[in-house]
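The values are calculated or read from the model by the stated rules, or taken from the named source; none is laboratory data. What you see is a predicted model; the values in this text were computed from it and never measured. Glycine also receives a Cβ, built like all others from the backbone with ideal geometry; neighbour counts cover every protein chain displayed.
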Number of protein chains: 2
Amino acid sequence: MMNLKMNYLLGLCLFLLVQLANAQDSLKYVDAKTLVTIGKAKATEQWFQRIDSNETVTMPKTVQGLAKNSAGIAIIFETNSPVISAKWTLAEDKYMANMTPIAHSGLDLYCLKDGKWQFVSPGRPEKGALNQSQVIIRRMDTTMKQFLLYLPLYNSVTNLSIGVKTESVLKAPQKVAVNKAKRVVIYGSSIVQGASASRPGMAYPAMLQRQLGMDVINLGFSGNAKMEMEVAKYLATVEGDCYVLDCIPNQAPEQISERALPFIKYLRDKRPKTPIILVETVIREHGYFDQQVGNSVRKQNENIHKAYQQLLKENYKQIYYVPATAFMGNDHDGTVDGTHLTDLGFDRIAKAVAKEIEKARAKD
Amino acid sequence: MMNLKMNYLLGLCLFLLVQLANAQDSLKYVDAKTLVTIGKAKATEQWFQRIDSNETVTMPKTVQGLAKNSAGIAIIFETNSPVISAKWTLAEDKYMANMTPIAHSGLDLYCLKDGKWQFVSPGRPEKGALNQSQVIIRRMDTTMKQFLLYLPLYNSVTNLSIGVKTESVLKAPQKVAVNKAKRVVIYGSSIVQGASASRPGMAYPAMLQRQLGMDVINLGFSGNAKMEMEVAKYLATVEGDCYVLDCIPNQAPEQISERALPFIKYLRDKRPKTPIILVETVIREHGYFDQQVGNSVRKQNENIHKAYQQLLKENYKQIYYVPATAFMGNDHDGTVDGTHLTDLGFDRIAKAVAKEIEKARAKD
């Protein structure tokens, strides 16, 4: 009898201990849509895609696909939880030789500290899984903090929820530390989309967003951004305090001569007072050896520079120009593959473009 | 009859055109072992592995495996071919959330230009393949040039051959632009092994090798480098003009207090005149939020600093010290995941460590 009672009490203790352990690990998940979203040009039916599919129908097929990627989109929230976790669903099992899985399919968490966004930790995607679930950070103190969570650069996210301890607060901040009323809109190629940052927060539009404290809209389309008029028409409908056109890399030199002026003039016509910053293409590092690539890149930059000079001649105002020499460094080591900037290269281009944006804003 | 002749002539033309096209693309492959190999501590039975398996039997099991990786090994050759191609066989189909496939399983080509090594282009691994074959660069001028090809950082290579145009010269250079007689030996963790460089040439030992023009031996073992005496004994047998000990990241603070002094004293005893450079662990960026990690990293660096001061007190000479503050930057953005330096972080640590090596050499 005594033994039975003892066994019962021991069993109860064990049950309670297991419950306690579960409670310590128990997290509640909140749909990220209910928090604050930044980095989006406009509302979309699919929350985590950059341009609504209704608005891309006239654009090139590949742009229609890439517009679904979550590059540049980030979620802002406040919590006092010691743990932050995330569950996210990816559209594709991606492989990119020149990018880390964290960058193309992972998450990247920052925290507001002394008025600045500071890197916390990434959400690492597991191999081959479309449904991802990861604890991003644990064992934090339980003061209330504001966080910024960047979404994948080269994948599409159909669901995202953020997990915190059951007893903690998780909410949209009352005072968001990114000025959503001030926006920089960047139109560009794979480099703008974020190849090859080490993680989503190291794509240069994300760096600019943190440096300037403004909302930055990433309209980078890998292998594209060829200044089609359909895209100019869309771009002119996107509210912006500054447009950055980093769309030289994938255009043939002759395309630049044909398309740059009509594209820029259209945008200026629709947005008469908004500064436009033109960015030369990265100088392909392999172009110092592959003579065909070297010549082509030289002509690309010559032709966008000619277009810029023509605009000045025609008395266009508020047009700014960032030459490649301002951001290529002098070590030839800023890219992973000759074309796509790494964090080292992105650090340089972000500084060069930020300088022009500040110049434009000072004149505003 | 006329028709038959015409058909015959047409057929002949077609045959000759196909032959011509094949000739233009036809490459000859040379086994990389017959060229110049750098970055190896000693000769090994398996050419592209870092330490011979006979010498790792007493080391931890994981170190035995990692010693087979090709981190830090590079091939030097001369060619006047307009095309350079490579075929390489990998031991594993690797996935790393925090590294690019180019870095963990790819190749990285540099060329000697005006006395400096300049990045050319990487060898991109295809998804899932163990037998890789890639054209790395094409359309170069046909002057004779010296090249440096880095091997994968986190995979093992069982075969490597380099392809050039059939009619071109491919040979070991008479005057190799890396001084193989001067060697820096770096013992460390995943960071030394190269996580998370964007490509093999951006691991910091490789950067040092190019900056100093010396042979740099990468003895970085991911998740390891815990100053075991077995490793000290091996290290002392490796010829070096300077030893860099960047082996704090994976040791518990108490292990450092126990092991650092005996390890360093053993090495100094066997190599009385060779400078030893101690490097603090990277400050884990997530440790600014995860309090347990933050405290642990602080103690790790306190303990290696105490060991350093003890050595000075005991009048040890030629001991140098690189504090983490010398290479962490002030943007908190030098890592991919809080621990592993990116190209941005590696650029900083390479400069900081190079400065100490130069200081040590000046005293030499």
Taking the options A:Val178, A:Val184, A:Val244, A:Val157, name whichever one is buried (at least 19 other Cβ atoms within 10 Å of the Cβ), modelled with pLDDT under 95 and within 17 Å of the chain's Cα centre (by Cα). A:Val178
Check region A:283-293 and report whether any residue there is away from every other protein chain (no Cβ under 14 Å) and not aromatic (Phe, Trp, Tyr). no
Among the residues of region A:146-153, are any surrounded by fewer than 24 Cβ atoms within 10 Å (Cβ to Cβ) and in the same structural domain as A:Thr166 (by TED's automatic domain parsing)? yes
Selection status of A:Tyr234, surrounded by 18 or more Cβ atoms within 10 Å (Cβ to Cβ), over 12 Å from A:Ile304 (Cβ atoms) and among the hydroxyl-bearing types (Ser, Thr, Tyr): yes
Which of the residues that make up region A:89-115 are away from every other protein chain (no Cβ under 11 Å) and among the charged types (D, E, K, R)? A:Glu92, A:Asp114
Pick from region B:187-224 the residues that are touching a strand residue (DSSP E or B) at 6+ places or on another chain (Cβ under 8 Å) and over 20 Å from B:Asp343 (Cα atoms): which of them is surrounded by the fewest Cβ atoms within 10 Å (Cβ to Cβ)? B:Met214
Condition first: closer than 30 Å to B:Cys111 by Cα and more than 27 Å from the chain's Cα centre (by Cα). Now tell me which residues in region A:256-291 satisfy that. A:Gly287, A:Tyr288, A:Phe289, A:Asp290, A:Gln291
If you go through region A:63-103 one residue at a time, how many are closer than 15 Å to A:Asn155 by Cβ and either part of a helix (DSSP H, G or I) or of a type in the set (Asp, Glu) (or both)? 7
For B:Thr58, state whether it is at pLDDT 95 or above and of a type in the set (Val, Ile, Thr). no
Please work out if B:Val293 is under 18 Å from A:Phe119 (Cα atoms) and out of contact with any Pro (no Cβ under 6 Å at 6 or more places or on another chain). yes
Would you confirm whether any residue within region A:315-327 is touching a residue at least 12 places away in the same chain (Cβ under 8 Å) and at positive phi? yes
Over region A:236-257, the set of residues farther than 27 Å from A:Ser296 by Cα, among the hydrophobic types (A, V, I, L, M, F, W, C) and either out of contact with any Ser or Thr (no Cβ under 8 Å at 6 or more places or on another chain) or not assigned by TED's automatic domain parsing to the domain that holds A:Glu280 (or both) is A:Ala236, A:Val238
For region A:116-150, how many residues are more than 9 Å from every other protein chain (Cβ to nearest Cβ) and either at pLDDT below 95 or over 17 Å from A:Ile76 (Cα atoms) (or both)? 8
Residues of region B:265-301 being touching a Ser or Thr at 6+ places or on another chain (Cβ under 7 Å) and within 28 Å of B:Asp241 (Cβ to Cβ), in sequence order, are B:Val282, B:Gln300, B:Asn301
Evaluate region B:302-310: report whether one residue or more is within 21 Å of B:Thr342 (Cβ to Cβ) and in contact with a Ser or Thr (Cβ under 7 Å, 6 or more places away or on another chain). no
Taking the conditions exactly as written (surrounded by fewer than 22 Cβ atoms within 10 Å (Cβ to Cβ) and more than 21 Å from A:Met214 (Cβ to Cβ)), does A:Gln292 satisfy them or not? yes
Scan region A:118-133 and tell me whether some residue there is assigned to a strand (DSSP E or B), aliphatic (A, V, I, L, M) and not assigned by TED's automatic domain parsing to the domain that holds A:Asp337. yes
So which residues in region A:338-358 are in contact (Cβ under 8 Å) with a residue 40 or more places away in the chain, under 16 Å from A:Met202 (Cβ atoms) and within 10 Å of another protein chain (Cβ to nearest Cβ), if there are any at all? A:His340, A:Leu341, A:Thr342, A:Asp343, A:Gly345, A:Phe346, A:Asp347
For region B:80-88, check the following and say yes or no: at least one residue is within 14 Å of chain A (Cβ to nearest Cβ), of a type outside the set (Ser, Thr, Tyr) and within 13 Å of B:Ser222 (Cβ to Cβ). no
Taking into account only those residues within region A:310-337 that are crowded, with 22+ Cβ neighbours inside 10 Å and in a loop (DSSP other than H, G, I, E, B), which is farthest from the other protein chains (Cβ to nearest Cβ)? A:Phe327
What is the number of the single condition among (1) farther than 20 Å from A:Phe221 by Cα; (2) out of contact with any His (no Cβ under 9 Å at 6 or more places or on another chain) that A:Asn301 does not meet? (1)
What is the number of the single condition among (1) within 13 Å of the chain's Cα centre (by Cα); (2) of a type outside the set (Ser, Thr, Tyr); (3) within 22 Å of A:Ala352 (Cβ to Cβ); (4) within 14 Å of another protein chain (Cβ to nearest Cβ) that A:Pro205 does not meet? (4)
